[in-house]
Every structure is written in structure tokens, then in C-alpha cells.
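*Asks:* What follows is a structure written as C-alpha cells; I'll ask about it next.
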Amino acid sequence: MPQPTGRLPGRHRLLFVQAPEDIEVLVKESEVLTGRSGRTFVIAGADRLVYRVHWQPLTEPGGHAAGPVVERLGHHGEVLSRQHLQLWEFLEHSLVEAQAAGQLFTPPVRTTP
């Protein structure tokens with residue numbers, strides 16, 4: 001599971017994501033605690049890319065495969081792009097690459113508005 005980190009310069013406290021499988025757990029934790037779909041993740045590089053991940057069930061009604069939905073967010077939280085991925089595609093996504101490089105973080109869950 002993720003470990004607390006210090007504050008990144010000029011930023012809020014973030015949690016370090018230690019393993020790729022933690023991403024799904026963190027998304028589901030956030031959804032259960034907040035009642036809102038998805039969780040925000042930050043790639044702590046020069047660009048500080050922000051993503052929101054929604055974890056869909058493996059199959060949807062009608063038998064269509066689902067999987068993670070990854071949204072790239074702009075500076076004001078607007079969705080710039082949305083990808084519906086299969087699990088194998090997600091494992092090749094830049095979020096998982098950033099996690100492997102020790103650069104993936106997420107804000108702690110806030111249950112108050």
C-alpha cells in the first residue's frame with residue numbers, strides 16, 4: 001500500500017504508490033469512502049501530469065469487456081482525454097511506468113466536501 005510522503009515543493013501532501021496493483025485498490029477505496037467515481041493520480045515529473053482513474057468491472061451487462069478508464073486532466077480539472085483500456089493495455093500505460101520509476105502519487109482521500 002502507499003506510504004505517506006513529505007510535501008512536494010509548493011504542493012499538497014501526497015501518498016506514494018508502491019505497486020501497480022495498488023492503483024486499483026486506491027481507486028476502489030476512494031469510491032467507497034467518498035461515493036464518487038475514480039481517484040486522482042499525479043506523475044511527479046517536470047510536467048506534473050494529473051490523471052483520474054475509474055476502475056470498471058471486468059464485464060459489463062451484455063458481456064462487453066470493461067476495465068480501467070483513464071482520464072488525463074487539465075490544470076482546472078477538465079478532462080483532456082479519456083481512454084477505456086483493457087487490463088493488459090493499462091499495464092503499459094504511462095501511469096504504471098511512472099509507478100515503476102517511483103514517480104506516481106495520489107492525494108489522501110477526503111471524505112468532506
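*Asks:* Take the residues of the range 57-92 that are crowded, with 16+ Cβ neighbours inside 10 Å and out of contact with any strand residue (DSSP E or B) (no Cβ under 6 Å at 6 or more places or on another chain): which is modelled with the lowest pLDDT?
*Replies:* 66
*Asks:* Of everything in the range 70-112, what is part of a loop (DSSP other than H, G, I, E, B) and among the small types (Gly, Ala, Ser)? Give them in sequence order.
*Replies:* Correct list: 74, 77, 101, 102.
The values are calculated or read from the model by the stated rules, or taken from the named source; none is laboratory data. On a predicted model such as this, the values are computed, not experimentally measured, just so you know. Heads up, the Cβs are rebuilt from the backbone with ideal geometry, glycines too, and the neighbour counts pull from every protein chain shown.
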